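Okay, structure first, notes after.
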Amino acid sequence: MIKVYSFEKLECWQHARKLSVWIYQHTKNFPAEEKFGIVSQMRRAAVSVASNIAEGTSLKSKKDQANFSVIAYSSTIELLNDLIISNDLAFLTNKQYTEGRELIERQTFLIASLRQSQLRKKT
């Protein structure tokens, strides 16, 4: 039987995983010269969101957990910036941009909710 870790049960992490997959799928058709530029940046930021949520759950202190949520939130905002620039450069269609932005907006809400929950709990 496979052990399921606590982070895997979090809607916030599940959504971050979905967001990462979406970013990978939608950056694969970016211009080849962007492979080591904005594509790499967006993919690293997207994976960072999920990774920091997961890593935060392994910590005992709720304050430390909340700090990792802040890092995940910051990576999500970085990803939003990159999404906006990608749209400005016409690497994404307006439909893709809107879809990506909605995923990011949901992610920031989930991270903020998780952080509030972490700060309410006693260490």
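Read-outs throughout are calculated quantities, based only on the coordinates presented, and are distinct from any laboratory measurement. Treat the numbers as computed from the prediction; the structure is a model and nothing was measured. Every residue, glycine as well, gets a Cβ built from its backbone with ideal geometry; the counts of neighbours run over all protein chains shown.
Considering only region 14-62, state which residues are in contact with a Gly (Cβ under 8 Å, 6 or more places away or on another chain) and buried (at least 19 other Cβ atoms within 10 Å of the Cβ).
Here is the first cut: in region 14-62, the ones in contact with a Gly (Cβ under 8 Å, 6 or more places away or on another chain) are 22-23, 26.
Within region 14-62, I23, H26 meet the criteria.
Filter region 6-48 down to residues that are touching a residue at least 40 places away in the same chain (Cβ under 8 Å) and either closer than 13 Å to A72 by Cα or in contact with a strand residue (DSSP E or B) (Cβ under 9 Å, 6 or more places away or on another chain) (or both), then give me how many there are.
Summing the residues that are touching a residue at least 40 places away in the same chain (Cβ under 8 Å) and either closer than 13 Å to A72 by Cα or in contact with a strand residue (DSSP E or B) (Cβ under 9 Å, 6 or more places away or on another chain) (or both) in region 6-48 gives 5.
For region 1-49, give me each residue that is of a type in the set (F, W, Y) and under 16 Å from the mean Cα position of the chain (by Cα).
Step one: filter region 1-49 for residues of a type in the set (F, W, Y), giving 5, 7, 13, 22, 24, 30, 36.
Those that are of a type in the set (F, W, Y) and under 16 Å from the mean Cα position of the chain (by Cα): F7, W13, W22, Y24.
Residue under question is S86, and the condition is that it be in contact (Cβ under 8 Å) with a residue 24 or more places away in the chain, closer than 13 Å to I111 by Cα and either of a type outside the set (V, I, T) or surrounded by 13 or more Cβ atoms within 10 Å (Cβ to Cβ) (or both); does it hold? Break it down stepwise before answering.
Details: in contact (Cβ under 8 Å) with a residue 24 or more places away in the chain: yes; closer than 13 Å to I111 by Cα: no; either of a type outside the set (V, I, T) or surrounded by 13 or more Cβ atoms within 10 Å (Cβ to Cβ) (or both): yes.
Answer is no for this residue.
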